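Following: one structure in structure tokens, then a few remarks.
The values are calculated or read from the model by the stated rules, or taken from the named source; none is laboratory data. It should be emphasised that the depicted structure is a prediction, and the values quoted were computed from it without experimental measurement. Backbone-built Cβ (ideal geometry, glycine too); neighbour counts: all protein chains shown. Just the protein is used for accessible areas: all its heavy atoms, side chains included, with ligands, DNA and RNA removed. Shrake-Rupley method; radii C 1.70, N 1.55, O 1.52, S 1.80 Å.
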Amino acid sequence: MRLPLLLSILILSTFAASAQDDAKTRLEKSPRHGEWVEFSSGSRKIKAFVVYPQTKNKATVVLVIHEIFGLTDWIRGVCDQLAEAGYIAIAPDMLSGPTHQEGDEARKAISELKPEQIESELNATADYAMKLPAANGKLAVAGFCWGGGQAFLFAEENAQLKASFVFYGAAPPSADMSKISGPVYAFYGENDARITTTVPDTEKAMKAAGKTYDPVIYSGAGHGFMRLGEAADAPPANRKAMQDSWKRLKSLLKTL
């Protein structure tokens with residue numbers, strides 16, 4: 001039984017590494033302006049990566065919350081793709097500090113973050129971005145995996161949000177859903193039972209709270225399909241889910 005499990009882990013790691021390499025190459029060739037910025041959240045200094053669209057008009061801000069693997073090149077690539085679509089995209093490094101962390105090191109550190117610290121730093125990021133001269137006063141949030149769960153939570157914590165985009169992230173406790181601001185649009189993979197089995201209960205709880213919750217489950221896709229679907233050798237289901245999700249996300253953002 002161990003060999004198939006280890007083989008699956010190896011295959012997933014290979015797809016993830018390939019997507020990361022592709023994202024880095026895209027970033028290096030991008031004509032858009034991307035930069036690292038720093039601002040305060042209490043006594044902490046937060047680093048974030050922000051990318052601006054090439055437009056003469058002010059733009060909506062999309063706060064991007066990274067996966068449990070940290071602020072990787074792939075997440076920076078997501079910001080660049082959002083800027084290409086016409087939005088100011090900003091991704092805070094939730095492990096801001098003297099050393100950059102990714103992978104297993106980041107996974108451990110992120111799992112130890114306190115909820116109040118996460119909320120404070122996301123609000124500080126939103127405040128910084130909304131004060132940018134190029135921002136038009138509209139704010140949305142998009143999160144992936146761990147960040148997807150945080151995006152759902154952030155919908156309860158920031159009243160400025162026009163919409164939240166949750167990519168294969170867990171829902172918050174139903175008792176808190178009455179605090180949610182704006183609609184929540186969710187993106188899930190069919191082969192991700194840890195998350196998708198909770199969708200019916202989330203639908204019921206959100207309906208009871210009088211909130212908009214619009215989930216889509218992509219056939220045959222697994223957890224992390226947005227990253228894995230970018231790899232040159234990605235499974236067809238992951239690639240299609242990634243492509244369809246980008247179309248849906250861009251279409252929904254236009255309605256804000």
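Taking all protein chains together and a 1.4 Å probe, the residues His66, His33 rank His33, His66 from largest to smallest accessible area. Each Lys and Arg contributes +1 and each Asp and Glu -1, all at the Cβ; summed about the Cα centre of the chain, the dipole is approximately 700 debye. With a 1.4 Å probe and all protein chains left in place, how much of the accessible area of the range 82-238 comes from carbon and sulfur atoms, in whole percent? Reported share for carbon and sulfur atoms: 51 percent. Assuming charge only on the beta carbon of Lys and Arg (+1) and of Asp and Glu (-1), the dipole of the range 94-193 about its Cα centre is about 380 debye to the nearest 20. Eigenvalues of the alpha-carbon gyration tensor of the range 145-216, scaled by 5 and square-rooted, set the equivalent ellipsoid semi-axes at 18, 13, 10 angstrom, largest first. Think of the range 58-162 as having a plus end and a minus end, set by charges on the Cβ of Lys, Arg, Asp and Glu; of Phe144, Ile110, Val61, Val61 sits farthest toward the positive end of this dipole.
Protection proxy ranking of 110-123, 224-237, by the mean of other Cβ atoms within 10 Å over each peptide's residues and highest first, is 224-237, 110-123. For the range 16-84, the Kirkwood radius over C-alpha pairs fed into Stokes-Einstein at 37 °C and 0.692 mPa s yields D = 250 µm² per second.
Overall, the range 177-256 carries a charge dipole of about 320 debye about its Cα centre when +1 sits on the Cβ of Lys and Arg and -1 on the Cβ of Asp and Glu, all other atoms neutral. Secondary-structure-derived ellipticity at 222 nm for the chain, considering helices only, amounts to -14000 deg cm²/dmol, per-run term -39500 (n - 2.57) for DSSP H runs with n ≥ 4. Normalised by residue count, the range 134-256 yields a Cα convex hull volume of 102 Å³ per residue. Normalised by 2.2 N^0.38 Å, where N is the number of residues, the alpha-carbon radius of gyration of the chain equals 0.96. Rolling a 1.4 Å probe over the heavy atoms of the protein chains gives the chain an accessible area of 47 Å² per residue. When Thr125, Thr25 are compared by accessible surface with a 1.4 Å probe, the order from highest to lowest is Thr25, Thr125.
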